[in-house]
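Working notes, beginning with the structure itself.
Nothing in this text is a laboratory measurement; each read-out follows from the coordinates by a stated rule. None of the values given here were measured: they were computed from a predicted structure. Neighbour counts run over all protein chains shown; Cβ positions are idealised from the backbone, glycine included.
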Amino acid sequence: MEEKVIMAGFGGQGIMAIGKLLAYAGMLEEKQVTWMPSYGPEMRGGTANCAVVVSDDSVGSPLISKDGTAAIAMNLPSMIKFEKELVPGGKLIINKSLIDVKPTRSDLDVYYVSANELALELGNGKVANMVMLGAYIELTKVVEVESILKAFLKVFGENKTDLIPLNKEALAKGAEAVKKLQEV
């Protein structure tokens with residue numbers, strides 16, 4: 001198994017955070033991982049993306065170039081830029097809350113998740129990134145949700161333990177959203 005995912009959006013949407021969580025979760029499951037961040041000129045409001053590779057075997061390169069298996073696009077510029085980096089049949093998970101156009105490629109498996117609305121249903125718009133991560137994990141089974149929750153403490157520290165229930169709910173909302181899409 002080897003998953004190559006690009007996560008992208010505006011700075012401040014928690015893109016790097018979900019990338020780190022996925023990488024740490026992979027390490028906790030004793031998989032081989034790489035995490036490669038990329039920031040635009042501004043941290044908050046500029047573009048941000050990261051590439052995460054999770055594999056059962058050694059990872060040859062942290063770069064994802066035309067060989068991505070999935071992309072999480074939190075905003076329109078990210079979808080436009082990164083849909084072309086996926087292999088045919090790759091998974092493109094689109095934040096339907098902020099993207100109202102369809103991708104140009106027809107050879108991808110596309111999933112529309114209303115991440116912002118689902119996060120607001122939980123009472124905190126800041127967990128839209130976790131909704132999208134939950135959707136990705138449900139689709140790929142790359143790591144266990146419990147590993148993400150264990151990684152949460154590694155990434156954010158013990159003093160953020162109180163945020164775990166909310167983030168667990170956000171992951172479940174994302175998983176539920178794509179399960180409904182697959183039933184249609």
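Legend: translational diffusion of the range 4-98 by Stokes-Einstein, Rh = Kirkwood radius over C-alpha pairs, 10 °C, 1.306 mPa s; D = 120 µm²/s.
Each of 56, 162, 109 was scored by other Cβ atoms within 10 Å of its Cβ. Arranged with the fewest first, they read 162, 56, 109. Listed by number, the DSSP H helices of the chain that run 15 Å or longer by alpha-carbon position along their axis and have mean Kyte hydropathy of at least 0.0 are 15-28, 128-140, 145-156. Taken over the C-alpha atoms, the chain has Rg and Dmax values of 14.9, 45 angstrom.
Comparing mean-square fluctuations of 149, 133, 21 from a GNM of the chain with C-alpha springs under 10 Å, the top value falls on 149.
Decide, for the range 78-184, between rounded, prolate and oblate: order the square roots of the alpha carbon gyration tensor eigenvalues as a ≥ b ≥ c, take rounded if a/c falls under 1.5, and otherwise choose prolate if a/b is larger than b/c, else oblate. Prolate shape, in that a/c is at least 1.5 and a/b is the bigger ratio.
At R0 = 30 Å, how high is the FRET efficiency between residue 121 and residue 38 if r is their beta carbon distance? Nearest 0.05 is fine. Could you put the intermediate results ahead of the total?
On the way: r = 31 Å, r/R0 = 1.03.
E(calc), rounded to 0.05, equals 0.45.
Counting other Cβ atoms within 10 Å, which chymotrypsin sites (Phe, Trp or Tyr not before Pro) in the range 89-184 have at most 13 and lie in a DSSP loop? Walk me through the numbers on the way to the answer.
On the way: sites: 111, 112, 136, 152, 156; in loops: none.
Answer by residue number: there is no such site.
Give me 61, 55 sorted ascending by neighbouring Cβ count inside 10 Å, so fewest comes first. Intermediate results must be reported in sequence, preceding the final value.
Values: 61 12, 55 17.
Least crowded to most crowded, the residues run 61, 55.
Using 0.36 nm per residue and subtracting the Cα-Cα separation, the extra length available between residue 176 and residue 65 on full extension is 37.0 nm. Dividing the summed helix terms, -39500 (n - 2.57) for each DSSP H run of n ≥ 4, by the number of residues in the chain produces a 222 nm estimate of -12500 deg cm²/dmol to the nearest 500. For the range 75-172, a simple Cβ point-charge model (Lys and Arg +1, Asp and Glu -1, everything else neutral) yields a dipole of about 240 debye relative to the Cα centre.
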